[in-house]
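A short write-up of the structure that comes next.
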Amino acid sequence: MRKAFELGGVIAATVLIAFGIAAIVMGVNGHSTVNDTLKQELIVGSPDMTPAAITAEAKKAGLDVAGLSIPSRSVANKEINNGDLARAFAGYMRIHALEATHGLTYAQMGRFVAKPGTPAKFTDGQGGTSIDTYALVDPKTKQPVDNGRRNVWVTETALTTALNTSYMAEQLSLFGLVVGIALLLAGIGFAILAIGGALRNPETTLFFGYKRAKRTGPAQIIPTA
């Protein structure tokens, strides 16, 4: 049974070390991929992407600043090349979109542009409606005119989702690095315990052909004081 424990400890140590190295390599590659991909997009923060400047803009646009998630860091004139900066940039983009839609989200806006004279209760309060009979009709296509503000929101949502996904991917890669290091250290610890125990075992299975010599001489008597 002791020999089985020795072999099991060495095997467990080997597996942990292998998985630890693999997790570290994958984490480094994932982190590098996120940063390289963001750099390729050549994204640079606009001058108003500071907490103070965006707050002033939001107030000027009539938005409820208390209900907004103002990013805590500035990305003004900075290249967006990592997950943290991408997440902050996405936060500023959302506020820009709310400024363009006068504080309305996608679900709150009407699908079409409301025609003049439409009762306010059938609109979103900003000239949009989702009722066909009150929609402005394009004379050429004879179809209701789409609400352009909703298109702005769709574009903003797609871009911010991609940016927030890059942040999540970077955090996952860092988590993989931490897990990899933990597995590597655990594997090394298992190896030390297994090999240390084997060295104290006179009949270990870890060193083929090695066997400690048994004492054949008479036992020594150590006098006591």
Estimated vicinal HN-Hα couplings, Hz - the stretch 75-82 in sequence order (Karplus 6.51, -1.76, 1.60; Gly, Pro = x): 10, 4, 6, 9, 6, 8, 10, 8
Under 17 Å Cα to Cα from residue 60, which aspartates and glutamates show up? Leave out anything in the same chain fewer than 8 places away. 48, 99
For residue 166, the net charge from surrounding residues (Cβ-Cβ under 13 Å; K, R +1; D, E -1) works out to -2
For residue 43, other-chain or 5+-apart residues with amide H closer than 5 Å (H placed, Pro excluded) are 80
Kirkwood-Stokes translational diffusion coefficient of the stretch 149-200, alpha-carbon pairs, 25 °C, 0.890 mPa s, µm²/s: 169
Relative packing of peptides 95-104, 49-58 - highest average C-beta neighbours within 10 Å first: 95-104, 49-58
Using θ = phi - 60° and Karplus 6.51 cos²θ - 1.76 cosθ + 1.60, couplings along the stretch 10-20 (whole Hz; Gly, Pro as x): 5, 5, 4, 4, 4, 5, 4, 5, 5, 5, x
Residue by residue through the stretch 155-167, the couplings from Karplus 6.51 cos²θ - 1.76 cosθ + 1.60 with θ = phi - 60°, in Hz, x for Gly and Pro, are 5, 4, 5, 4, 5, 5, 4, 5, 5, 5, 5, 5, 5
Under 5 Å between amide hydrogens, which residues at least 5 positions from residue 110 or on another chain qualify, with H placed 1.01 Å from N in the peptide plane? 124, 128, 129
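Read-outs throughout are calculated quantities, based only on the coordinates presented, and are distinct from any laboratory measurement. Here the structure is a predicted model, which is why all the values come from computation and not from measurement. Cβ atoms come from the backbone with ideal geometry, glycine included; neighbour counts cover every protein chain shown.
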